[in-house]
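Presented below is the structure to which this report refers.
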Amino acid sequence: DAGVIQSPRHEVTEMGQEVTLRCKPISGHDYLFWYRQTMMRGLELLIYFNNNVPIDDSGMPEDRFSAKMPNASFSTLKIQPSEPRDSAVYFCASRPAVNWGTDTQYFGPGTRLTVL
Amino acid sequence: KQEVTQIPAALSVPEGENLVLNCSFTDSAIYNLQWFRQDPGKGLTSLLLIQSSQREQTSGRLNASLDKSSGRSTLYIAASQPGDSATYLCAVVNTDKLIFGTGTRLQVFP
């Protein structure tokens, strides 16, 4: 398997523009997670899905952020409108649905977002 | 609310040294504790996973211990090499989420 795939790898946009980040999880994994990493706050969970259904979005910072998972092989994280403080690295991760005690998450390479 | 802290924040050592990275957490009701490695510009790679019923796990030159009662874990790296240079993150799972520490940035110089 190719692992978790994220696109684009780098995104530079201007304040106020819409940004869409994409993720393809590992085939057969039932859980998908979106994280944000910044120097100040470290790695934070934004939202996660189980079988394409959002389970916990308490980490989504504002209504400007939204995430969808229309099918088992694709998810998007959208920011509209974007702001400079949204600049960060956004990671997608997936895991199988077997056991929280023994199974790890597999991370994608991340999307580095810069909002000017 | 679970909080995970890592000490030190950064470490620079000569090649060959044995290292100890520390991780502490405030809520002992965890399913497991994991150590990840992050290389610049890349995602996270899982190194070791210690289940809540276990005390330690070993993989090659890496050994991780877990003391739930005191809310601590250590990652021991034996005979460090320049290729070990990276950021090391610990994370705990309680309920249904991974809660990450702030990381230790390690540099091993020749």
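Only the coordinates and a few stated rules stand behind these numbers; no lab work does. These figures come from a predicted structure and were not determined experimentally. Ideal geometry is used to build each Cβ from the backbone, glycine not excepted, and the neighbour counts take in all protein chains shown.
The mean sequence separation of alpha-carbon pairs under 8 Å and at least six residues apart, normalised by the residue count of chain B, gives a relative contact order of 37 percent.
Suppose R0 equals 41 Å. What FRET efficiency, 1/(1 + (r/R0)^6) with r the Cβ-Cβ distance, do A:GLN17 and B:GLU17 give to the nearest 0.05? Calculated transfer efficiency: 0.30. Applying the Kirkwood pairwise sum to the alpha-carbon positions of the stretch A:55-116 produces a hydrodynamic radius of 13.6 angstrom.
The value of relative contact order for the stretch A:54-116, using C-alpha pairs under 8 Å at least six residues apart, is 28 percent.
As a calculated quantity, the FRET efficiency between A:SER73 and B:SER85 at R0 = 35 Å, using C-beta atoms, amounts to about 0.50. Per the Cα gyration tensor, chain A maps to an equivalent ellipsoid with semi-axes of 24, 14, 13 Å, ordered largest to smallest. Each Lys and Arg adds +1 at its Cβ and each Asp and Glu adds -1 at its Cβ; summed about the Cα centre, the stretch B:51-110 shows a dipole of about 60 debye.
Our summary of shape: the Cα atoms of the protein assembly as shown have principal axis extents of 48, 38, 35 Å, ordered from largest down, in whole angstrom. DSSP beta bridges fully contained in the protein assembly as shown are about 90 percent antiparallel. Under a 10 Å cutoff between Cα atoms, tell me which one of A:ASN52, A:ASN71, A:ASN99 has the largest fluctuation in the Gaussian network model of chain A. In this elastic network of chain A, the residue with the biggest mean-square fluctuation among A:ASN52, A:ASN71, A:ASN99 is A:ASN99. With the simple spin-label model, which puts each label point 7 Å out from Cα in the Cβ direction, the A:ILE55 to A:GLN80 separation comes to 2.8 nm.
Taking every DSSP bridge with both residues inside chain B, close to 90 percent are antiparallel. Grouping the Cα pair distances of chain B into 10 Å bins from zero gives a pair-distance distribution of 16, 50, 28, 6, 0 percent in increasing distance order.
Here each label is just a point 7 Å from Cα along the line to Cβ, and for B:ARG72 and A:ARG112 those points are 3.7 nm apart.
A protection proxy built from the mean count of other Cβ atoms within 10 Å ranks the segments B:69-76, A:53-60, B:29-36, most packed first, as B:29-36, B:69-76, A:53-60.
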